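Written out below as C-alpha cells is the structure these notes cover.
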Amino acid sequence: MHIYFLTGDENIERVYGYVRLSRDDDDEKESLLGQKRIIEDYAEKLGFKIIEIFDDDNCTGMNFDRDGILEIEALVKNKAIDVY
C-alpha cells in the first residue's frame with residue numbers, strides 16, 4: 001500500500017511516501033525496497049520531488065500505531081504538509 005502526501009511549492013509538488021511490511025524476512029526486505037522504488041519511479045514520472053519515504057518494517061496493518069504513520073500524522077497535525 002502506498003500513501004502519497006503532497007505539499008505545495010512554487011514550481012514543484014513535494015511528495016512524502018509510505019511503505020510497510022508485516023514480516024522481517026530477507027525476501028521481504030527486497031519487497032520493502034521494491035515499494036520504495038515504485039514510489040520513486042512514480043514521483044519522477046510526474047515531476048514530483050520526494051521529501052521523505054516513511055517506512056514501517058515488521059509491523060501489522062491491523063492498526064495505525066506504527067512509527068512511520070505516526071511521523072506522517074505529526075506532520076499533518078502541525079500543518080507542515082497539506083494532504084490532497
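Bear in mind that the values in this text are calculations on the coordinates, not laboratory data. These numbers were taken from a predicted model, which means no experiment stands behind them. So basically every Cβ, Gly included, is an ideal-geometry build from the backbone, and we count neighbours across all protein chains shown.
A few notes on this one:
- Pairs linking a residue in the stretch 59-80 that is on the phi < 0 side of the Ramachandran plot and assigned to a helix (DSSP H, G or I) to a residue that is surrounded by 13 or more Cβ atoms within 10 Å (Cβ to Cβ) and among the hydroxyl-bearing types (Ser, Thr, Tyr), with Cβ atoms under 8 Å and 6 or more positions apart or on different chains, are Gly68/Tyr18; Ile69/Tyr18; Ile72/Tyr16; Ile72/Tyr18; Leu75/Tyr16.
- Residue that is farthest from Gly17 (Cα to Cα) [pool: residues in the stretch 58-83 that are surrounded by 17 or more Cβ atoms within 10 Å (Cβ to Cβ) and not small (Gly, Ala, Ser)]: Cys59
- Output for the stretch 43-57, where each listed residue is part of a helix (DSSP H, G or I) and closer than 12 Å to Tyr16 by Cα: Ala43
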